[in-house]
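Written out below as structure tokens is the structure these notes cover.
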Amino acid sequence: MSPHEATATPVEIRNLGITFSTDGGDVAAVRGVDLDVRRGEVLAIVGESGSGKTVTARSILGLLPETATLQGTVLLEGENIVGIPHDDLRRLRGAKAAMIFQEPSTALNPVFTVGWQLIEGLQAHERLGKKEAKARAVEMLRRVGIPDPERRVNDYPHQFSGGQKQRIVIAMALALEPAVILADEPTTALDVTVQAEILDLLRTLRDETGTAIVLITHNMGVVADLADRVAVMYDGEIVETAPVRELFAAPQHDYTKRLLAAVPRVEIIDRDLPAVGGGEPAVAASDLVIEYPGRLGRPTFRAVDRVSFSIAPGEVLGLVGESGSGKTTIGRAIAGLTPVADGSLRVLGTEMKGVREREFRPRRSEMGFVFQDPATSFNPLLTIADCVAEPLVVHGRASSPADARGRVDELLEAVQLPRDYGDRFPHELSGGQRQRASLARALALDPKLLIADEPTSALDVSVQARVLELFRELQQQFGFATLFITHDLAVVDMLAHRVVVLHQGVIAEEGPTSRVLGDPQQDYTRRLLASLPVPDPAEQAARREAWRAS
């Protein structure tokens with residue numbers, strides 16, 4: 001614990017109620033919440049989507065929409081922000097409390113340098129000359145670990161990696177030394193190695209500055225790694241609050257027990273997976289090369305360099321690696337969306353190097369796709385039934401969505417959604433329900449090959465557990481081959497027969513899942529495993545020291 005912890009309580013919430021006005025009437029999102037955030041501690045607020053955790057945290061900054069009505073008291077450094085004028089809220093934001101958002105790319109303005117954006121925030125609250133403000137901006141970038149900050153302060157957001165962009169967003173939050181920082185899923189979009197670095201940075205900054213951190217997350221490994229105390233929310237209420245080690249060791253509430261039981265773990269056991277079929281591989285890559293042409297005189301970028309692997313009928317191959325490793329590029333090449341530069345890539349018997357669209361079109365009906373965010377892959381103007389029917393209509397298996405409705409109802413039942421959900425629109429389903437509908441659409445044409453690109457990373461742990469269990473049942477039932485692209489090694493351990501570890505476009509390691517995860521031969525694979533936070537605070541503390549040593 002930080003030595004600053006007992007000195008103050010920058011946030012005190014008493015009997016908080018938050019109600020949203022909707023076309024269907026008022027919805028009570030939060031009811032009777034009492035919460036304290038102490039200086040120098042990390043308080044994690046956990047719970048499923050819709051539990052009220054994000055709106056509770058955002059009430060501290062007054063970041064709720066106009067449709068929200070608040071009751072109760074929210075004290076920020078002794079000042080009640082419920083009903084406070086907007087100008088007073090602007091004065092408090094940044095100076096008293098700041099926010100780290102989930103997706104740094106949307107938090108940074110792409111047309112201004114990161115230095116300009118840091119300076120703008122400083123000058124909005126303090127009377128600083130341009131030279132002094134720039135010096136402060138450079139110092140903040142140095143503090144969060146951006147190399148060569150004197151030069152990089154003049155760079156634009158697109159010139160930084162995802163992890164570096166998140167560090168810049170943290171620098172912006174820390175610039176005015178606020179009493180509390182709200183971190184809303186700050187590592188969800190990051191690879192496990194970058195996530196470990198960001199969590200280490202937040203921990204260091206908390207200890208050095210005494211800043212309180214409110215962590216909103218569905219990743220219980222992150223909670224075990226970073227939090228001092230945990231508040232568990234369910235259906236708008238706090239059902240349990242406890243120190244982190246106490247909560248993981250002896251959860252009291254049934255919901256907390258269910259939440260912890262749903263967390264996927266790397267258990268390194270030979271699981272009872274469906275048998276792999278024989279015959280020609282669904283996918284066979286040999287010395288595969290994929291390149292992106294350079295622009296404005298820049299050289300060609302080789303994204304995938306002499307990669308060889310195969311996927312047998314009925315096999316699940318886990319493809320893991322950090323951002324930029326080439327895993328999504330390989331998935332796009334298998335789907336015929338990215339051309340093959342050299343080597344060979346055979347997909348369902350068709351050679352993809354130099355393939356023409358009319359040659360590959362018959363194969364498309366034999367492939368299914370499950371994307372990371374079903375909310376963006378569904379047409380919001382169509383019902384779920386129309387979305388699921390789309391492949392059937394496109395490939396001539398049905399004349400219209402109405403003609404396909406019988407098959408759609410079968411598919412919805414297969415993914416454990418009631419038939420009448422087909423008449424709803426995508427926004428009327430939860431994240432987990434949308435991902436189930438996405439699975440139904442992927443299975444509409446009885447595919448021989450399924451490509452799943454990070455299909456569960458945006459889901460709560462309990463919802464993720466149900467979707468993964470459903471995926472395993474469907475794969476066993478229908479026997480399709482699967483390329484499962486992910487950075488979550490625990491998910492790979494649960495589903496995959498074999499795993500291929502990619503690093504900077506080449507294969508670092510491959511083999512049976514139990515062997516690669518249980519006895520990795522390469523340093524890079526060991527680093528990936530060491531970076532993965534586990535849902536056990538005591539074990540995670542030991543792993544953290546081992547990670548630092550590596």
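Any read-out appearing in this document is the output of simple, stated calculations on the displayed coordinates, not a laboratory observation. Computed from a predicted model, the values in this text were never measured in an experiment. Virtual Cβ from ideal backbone geometry, glycine too; neighbours counted across all protein chains shown.
Could you tell me how many cubic angstrom of Cα convex hull volume region 106-177 has per residue?
Spelled out: Cα convex hull of region 106-177, divided by residues, is 79 Å³.
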* Hey, fewest Cβ within 10 Å first, where do 125, 427 land in order? -> 427, 125
* For residue 353, go through the lysines and keep the ones whose alpha-carbon is under 27 Å away, minus same-chain ones fewer than eight residues off. => 327, 448
* Table column - 3J(HN,Hα) (Hz), region 460-470, Karplus curve with 6.51, -1.76, 1.60, x for Gly and Pro -> 4, 4, 5, 5, 4, 4, 5, 5, 5, 5, 4
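Using Cα pairs closer than 8 Å and at least 6 residues apart in sequence, work out the relative contact order for region 106-177, in percent. Let's see the in-between values first.
Numbers: 74 pairs, mean separation 30.6, N = 72.
Worked out over region 106-177, it gives 42 percent.
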* For Cα Rg over 2.2 N^0.38 Å, several values are listed as [x] 1.12; [y] 1.19; [z] 1.02; flag the one computed from this structure. => [z]
* Take the alpha carbon atoms of region 78-145, find their radius of gyration, then divide it by 2.2 N^0.38 Å using N residues; give the quotient. => 1.27
* Specify the inter-centroid distance of region 312-365 and region 276-308, based on alpha-carbon positions, in whole Å. => 8 Å
* Asked: Out of residues 5 or more away from residue 304 or on other chains, whose amide H comes under 5 Å of its own, with H placed 1.01 Å from N in the peptide plane?
  -> 290
* To do: May I ask you to list the aspartates and glutamates whose Cα is less than 12 Å away from that of residue 96, ignoring any residue fewer than eight positions away on the same chain?
  => 77, 79, 88, 177
* Structure fact -> Cα-based Rg/(2.2 N^0.38 Å) for region 145-248, rounded to two decimals, is 1.18
* Under a 5 Å amide H to amide H cut-off, with H placed in plane at 1.01 Å, what residues pair with residue 182 once short-range neighbours are removed? -> 98, 99, 100, 214
* To do: Return the calculated 222 nm mean residue ellipticity for the chain, to the nearest 500 deg cm²/dmol, obtained by summing -39500 (n - 2.57) across DSSP H runs with n ≥ 4 and dividing by the residue count.
  => -10500 deg cm²/dmol
* **Qualifying lysines (Cα of each under 24 Å from Cα of residue 131; at least 8 residues distant if same chain)** => 165
* **0 to 90° range, to nearest 10: angle between helix 162-174 axis and the chain longest Cα axis** => 10 degrees
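Could you list 37, 239 in order of exposure, starting from the residue whose Cβ has the fewest other Cβ atoms within 10 Å?
Working: 37 26, 239 16.
Ranked by crowding around the Cβ, least crowded first: 239, 37.
Could you put 415, 276 in order, starting from the residue whose Cβ has the fewest other Cβ atoms within 10 Å? Walk me through the numbers on the way to the answer.
Details: 415 23, 276 15.
Ascending number of Cβ neighbours within 10 Å: 276, 415.
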* Could you list which residues have their amide H under 5 Å from that of residue 161, counting only those 5 or more apart in sequence or on another chain, with H placed in the peptide plane? => none
